[in-house]
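Below is one structure, written out as structure tokens; comments come after it.
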Amino acid sequence: MKQRIMLVLLTLLAAASIISCGGKEQAAAPVAETQVVERSNSTATLDTVMDRGYLIVGVNASNPGFSYLDPDGNYLGFEADMGRSIAAAVLGDPEKVQFRPLTSKERFAALQSGEIDLLIRTATHTMTRDTDLSLDFSAPYYYDGQTFMVRKDSGIKTIADLEGAAICVLTGSTSEGNLSDIMASRNLTYKPVLFENLDELMGAFEKGRADAWTGDRSGLMTRMRNTADPSAYTLLDETISKEPLAIGVRHGDDQWGDIVNWSLYGLFFAEEHGITSANIDSIKSSTEKPEEQAFLGMRSELGSKLGLSNDWAYNMVKKTGNYGELFDKHFGPESGLSIPRGFNKPWTGGGLLYSPPFR
Amino acid sequence: MNSKIIIWAKNNLFNTWYNAVITLFLSYFLTKAVRSMVQWIFSVSWVVIPRNLKLILTGAYPVDQLWRIWFILLVGTFLAGISYSLLKKGIRGTVLVLILVPALLASLGFSHVSRMYLLSLSICQVVGYLSGKYLFGGKAVIIAAVGWVIFVPFIYVMVNGFTGPEGFLPLVRTNLWGGLLLSMIISITSIILSFVLGLFLALGRRSELIVIRYFSIGVIEIIRGVPLITLLFLGYLILPLALPANITIGVLLRAMAGIVLFHAAYMAENIRGGFQGLSKTQYEAAYAMNFNKFQSMVLIILPQVIKNIIPVLVNSFTGMVKDTSLISIIGLLDLVGISTAIAANPEFMSDSQQVLLFLSLIYFILCFSISRTSRKIEASMNYDK
Amino acid sequence: MQLTKLNDDRVLRTAGQFLFALLVIFIVASMYGNTITALTNRGMLPSFKFLSLAAGIDIGEHIIPFDNSSSNFRAIIVGLLNTITISFIVILFSTFLGLFIGLCRISKNWLVKNIALAYIEVIRNVPLLVLLLFWYRAVFMEMPHIKKALILGSFQSSTGGKGGTLFLSNRGLSIAWLKPAEGWTLFLYIVAVAVLLAVVFGLYLRAYGKKTGRKPMVFLWSLSLVVFISALGWIILPDSPMVMDYPTLNGFNPVGGLSISSEWGSLFSGLILYTSAYIAEAIRAGIQGVDKGQVEAAHSLGLSNFQTIRLVVLPQALRITIPPLTSIYLGVAKNTSLGVAIGFPDLFSVIGTLLNQTGRALELILVVMTIYLGLSLITSLIMNIYNSKIQLEEK
């Protein structure tokens, strides 16, 4: 017994020592910065990936439309394919990629610890995540917003109608905090029903465990199509948050961040210019536009500036298609989901996808 | 014959009036429960199981590499065959079941390749048995022992592979391991490693050296005081931080580290129980034989201790098999994790009951056979005395 | 010669231990150093300041008040209280269920015995996690929808909603429950007096028992006294000390009464099933561990069946059962951590949420480990005291 008491005391001591260490936070900060620089120099993600010969991407194993496992154990979906696009850009082969299934709880830790090179797992770009978690985010690859899914016959039309309701939310997501904030700001009471994973949540919601389900509009829409009776549900018109979903990379590795960002821009650019996997070869041989020529690696050496081959963008679009092709494949009518493109179309069509010039 | 049954029923079911009432009452409910269960079984679609069988059994393991898993099973059943030939009577029934099950499965609607493999599993056991009995003769014991010792590293080599993509055994990364395969690999590892580590901890706890004793006590008690899931999170989130920056360990290894550490602490206590159960005279006898401490421990004490706690050990293996399910909470796709992934597939969204029932069945068969074995060993040891 | 050898031995041992200690300290220190460096690189030096910041989340089930602006520390306390409450209730219920099944297991009725055996075997050979998921997905979620909820004793409430004694739906269970009313404080005084009287009476009984050599059922008599006086007070008091609070369904969820969520219910049922199977085995082993000769001896001394069980079998069986029971009880508190898989906000689940919101992994894991260690320390302390009380006093 004495031994046990001693143990608890020891643990407390350890905790105390950590607290005391935390007190020196301010003083230690400058040291920290120099170390960050050293660290990122010593481990450039691009070199690691090149040496390894394949990319490791953190994804979701069970998010229909975005990324999920098929019965043969392959990862399918928009996010999984985006990982393949970047693999095609970096290594020239979309199949040189390994997927790591992650829960929302562990996803940032996995990136921080170097276990994955990229995080493409419906991560919302927020300021805290960008600064506190020492991550960097790419340009958004999907503009989302949080809303509520309810049964049509529930009579819920606005958020105000949710007074006293039970609301499902995925724990570890930004949705959880947003929900709490919006309800508190409007003085509404509710019963949160938390879930670790979406399948659990969906099953429970469909059976009526809760009156509403809050999450990103896209996710809710995909899931809604998968319910037994999609026509029984509807989404509220109100959007309570901005959810720019972006690719996460480690803070401090600027080159790798550039690669990810420009690969994404490449997908935007290709769609904007009507370059698809089908017509890319004919465009390559016929185009007169300097920017397209640069993009396809025929003019200036844009690729080598990123540390990649000059045909990186060509490889990417040729092998995995442009943004629009990816979107249609996974969210378009043929996928059975029919998610409207909303903000997720090129700026020329009134959307928010805007690629800086390839020059 | 008929009267025998009646007498039995009279003695065991209707011996007093209240027992008769209880029996009738229970029989009514039992039949009702069984009937509704059967009705349910026939009312739902089970197609989700065969369609996802590959996923449940091996996760995302590449389809073109599945022969490696089959090969491991073939070698395993061959070794099992040799082992049967060494065992005494009393397990004939079990052996027969083990041989018949793959053969029966082969008659079900699997693909042609799977059917051939399943059939080979039965044949391998028979061949193993026969060669153990007639071919190897007295060497069968050694062959079996060496075989089983090599078998475990062999599993790793086969599953993991070591050559490039074009080679003979291409590397299959751990993130592709899943389902029953992953659960089994973690179970086997934790059984072996936690026994070894647990033995050291138990010896440490009994040591006269005060530093080592308190260290062991500390490790054992801290670990036993917290839930496994905190250790998994410790391995998952903190271990990568605690290691030097240039060393990274995969998530599977980190999860295993947590599981092994956890069970080692419990194992250490089991082994300590074995030490305490051993009579003091054994130590004295060893001392009288002029053995030094190390010799008496290795030659006299340990063999007896281990023999005495074999039933407890085997029984604790069921706990380890069951506890592998927790790795699904940190996102690994073991049996439970796969069940969740299957539920995400739009096609099978409403079939999670069937999947869970199937999982329970797999766990039950695994654990029940382990605890049965433990009881058999216990019974045979009591018989020895 | 002998002496020097001894000295050598001693020196060797001390040096060995010293080296071992150094090694352990080195490993721990370097791990600690690595962690601090890694965290510094991320700009996240360990600090417990975040505990006092607002959590910005809501927790579905809380015993003490909790809202969006409550601190992270309070969130942890909420989780801890949830863990303690459910562990306590599970231990209580599964002990009774386990006792019952353990007794069934040694019944002379073949059917009873084997149903109990099948129950124990099935439960003990399936992972708790699968059991919990099963309860949640296959039992609680299959209950009727709230609009078709099973209602017992339904009535039209004054507020226009539907009232009832019991609501059962896949959201959980709401039942009418007693709520303190005006006479409550007065009633508490009466209970306090009753307890005081019972203690005095118990002490007297004990002294009486020692004097006469008989063994009166001290606890039972004292308890009866408390119940009797309290019941008397309840009847005598002009204002009823408690009133029935009936759940009513007016909006989305039943309000009032005692409500139990499906998550709580699943964790509770799953844990009870699981724990009771282990307790049943411990109790069976305990009872079968009592020598048959003891029972025969008791009978030949003229003790009745009931006396034999109370005075001879149970005390001895308890002595065998307590140590395994302790570890089973310790396991319950730890097993509640699996509630995270079905969305019950226990300690671990709350820690997980905070981990996500704050990113403070190291600190939170330390906190959670310390709490669990403390919990198991307290449990084993209580059980050890009890154990030492019932063990044979060796003379």
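The values are calculated or read from the model by the stated rules, or taken from the named source; none is laboratory data. Note that the structure is a prediction, hence the values are computed from the model and not measured. Cβ coordinates were reconstructed from backbone atoms using ideal geometry, including for glycine residues, and neighbour counts include every protein chain displayed.
Structure values in brief
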item: Tally of residues being at pLDDT 85 or above and either part of a helix (DSSP H, G or I) or assigned by TED's automatic domain parsing to the domain that holds C:Thr40 (or both) across region C:341-361; result: 8
item: Search result, residues across region B:117-145 that are surrounded by fewer than 16 Cβ atoms within 10 Å (Cβ to Cβ) and closer than 25 Å to B:Ser183 by Cα; result: B:Leu119, B:Ala145
item: Tally of residues being farther than 14 Å from C:Met141 by Cβ, facing chain C (nearest Cβ under 8 Å) and at pLDDT 85 or above across region A:191-213; result: 4
item: Of residues in region C:127-142 being touching a Lys or Arg at 6+ places or on another chain (Cβ under 8 Å) and over 26 Å from B:Phe317 (Cβ atoms), the one nearest to the other protein chains (Cβ to nearest Cβ); result: C:Met141
item: Residue in region B:266-288 that is touching an Asp or Glu at 6+ places or on another chain (Cβ under 7 Å) and among the β-branched types (Val, Ile, Thr) present; result: no
item: Within region A:81-107, considering residues that are without any contact (Cβ under 8 Å) to a residue 60 or more places away in the chain and surrounded by fewer than 22 Cβ atoms within 10 Å (Cβ to Cβ), the one farthest from the other protein chains (Cβ to nearest Cβ); result: A:Leu91
item: Counted residues, region B:47-93 - those being modelled with pLDDT of 85 or more, touching a helix residue (DSSP H, G or I) at 6+ places or on another chain (Cβ under 6 Å) and over 24 Å from B:Ile123 (Cβ atoms); result: 7
item: Residue ID - surrounded by the most Cβ atoms within 10 Å (Cβ to Cβ), chosen from residues in region C:322-379 that are aromatic (Phe, Trp, Tyr) and more than 9 Å from chain B (Cβ to nearest Cβ); result: C:Phe344
item: Residues within region A:256-292 that are in a helix (DSSP H, G or I), of a type in the set (S, T, N, Q) and buried (at least 16 other Cβ atoms within 10 Å of the Cβ), tallied; result: 2
item: Scan of region B:162-183 for residues that are within 16 Å of B:Ile56 (Cα to Cα) and not in a helix (DSSP H, G or I), ordered by number; result: B:Trp177, B:Gly178
item: Any hit, region B:26-46, residues being surrounded by 15 or more Cβ atoms within 10 Å (Cβ to Cβ) and not aromatic (Phe, Trp, Tyr); result: yes
item: The listed residue being surrounded by fewer than 20 Cβ atoms within 10 Å (Cβ to Cβ), within 14 Å of another protein chain (Cβ to nearest Cβ) and part of a helix (DSSP H, G or I), out of B:Ile186, B:Ile217; result: B:Ile217
item: Residue check for C:Ile283: more than 28 Å from C:Met44 (Cβ to Cβ), buried (at least 18 other Cβ atoms within 10 Å of the Cβ), more than 13 Å from chain B (Cβ to nearest Cβ) and in contact (Cβ under 8 Å) with a residue 60 or more places away in the chain; result: yes
item: Condition broken by A:Leu188, with the remaining ones in (1) within 21 Å of B:Val355 (Cβ to Cβ); (2) in a loop (DSSP other than H, G, I, E, B); (3) more than 9 Å from chain C (Cβ to nearest Cβ) satisfied; result: (1)
item: Residues located in region C:169-189, provided they are closer than 24 Å to A:Arg209 by Cβ and more than 13 Å from every other protein chain (Cβ to nearest Cβ); result: C:Leu173, C:Ile175, C:Ala176, C:Trp177
item: Tally of residues being at positive phi and either buried (at least 21 other Cβ atoms within 10 Å of the Cβ) or in the same structural domain as A:Thr124 (by TED's automatic domain parsing) (or both) across region A:144-198; result: 1
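For (1) in a helix (DSSP H, G or I); (2) at positive phi; (3) at the interface with chain A (Cβ under 10 Å from one of its Cβ atoms); (4) modelled with pLDDT under 85, each residue gets a yes or a no:
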site	(1), (2), (3), (4)
C:Thr37	yes, no, yes, yes
C:Ser47	no, no, yes, yes
C:Gly56	no, yes, yes, yes
C:Gly79	yes, no, no, no
C:Thr83	yes, no, no, no
C:Ile89	yes, no, no, no
C:Ser94	yes, no, no, no
